[in-house]
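**Student:** I have a structure here, written as structure tokens, and I will follow up with some questions on it.
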Amino acid sequence: MPVPNDVGFYDRHFTDPRRERAFLSALGFTTAFGVARGITHAIRAGIGPFGNISAGGRHIHHSTFGIIGLLCCGYVWTYRVGIGPHPGRRWPSRVTAATYGVASALTLDEFALWLDLKDDYWDKQGRKSIDAVALFGGLLSVGVAGRSVLNELGLLPKALERFV
């Protein structure tokens, strides 16, 4: 796999701020979803240093942090902070896009709580397919937004190169 050594690699592939934001949001979503799934499975299996978060004996679900993150992003974007395409505003734009993706993953990972208002997070029925669909959707989004990067790194399947 070729690794670019020039400093402008990232900037060359993300000249469009909207595409960059879509890529960072999808990457944040996919990464956070995968990490959240891994940690929750480790907690359930009693593996590693991880444990549930609680306050006053009440379990704090990770969707709580996702909701807080979404509210914060919405508030910041309401004041048009972190959304500008201008070079001086690209860094806050990148941070808020990635934060949005992470917060969305943490929120959607516990979607069953929205519907049933009970913690049926670990029901076996459909759990594996939900994980697979969510990870696939995230990877697909990363591929769409970052296809030119994946192509240059040699990670894009040959059949898809003509669409880049």
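**Student:** What nm value, rounded to one decimal, do you get for the distance between F111 and A45 when each label is placed 7 Å out toward the C-beta?
**Tutor:** 2.4 nm
**Student:** What net charge is computed for the residues neighbouring A105, neighbours being all others with C-beta under 13 Å from the C-beta of A105, Lys and Arg scored +1, Asp and Glu -1? Let's see the in-between values first.
**Tutor:** Values: positive: R37; negative: D109, E110, D131.
That sum, taken over residues with Cβ under 13 Å, equals -2.
**Student:** Please rank H41, H62, H86, fewest neighbouring Cβ atoms within 10 Å first, as an exposure proxy. Walk me through the numbers on the way to the answer.
**Tutor:** Numbers: H41 13, H62 18, H86 8.
Listing H41, H62, H86 from fewest to most nearby Cβ atoms yields H86, H41, H62.
**Student:** Continuing with the same structure: Using 0.36 nm per residue, how much length does the chain from V81 to T15 gain when fully extended, once their Cα-Cα distance is taken away?
**Tutor:** Taking 0.36 nm per residue and subtracting the Cα distance, the gain is 21.8 nm.
Coordinate-derived values only; no laboratory data. These numbers come from a predicted model, not from an experiment. Positions of Cβ are generated from backbone atoms using ideal geometry, with glycine treated the same way; all protein chains shown enter the neighbour counts.
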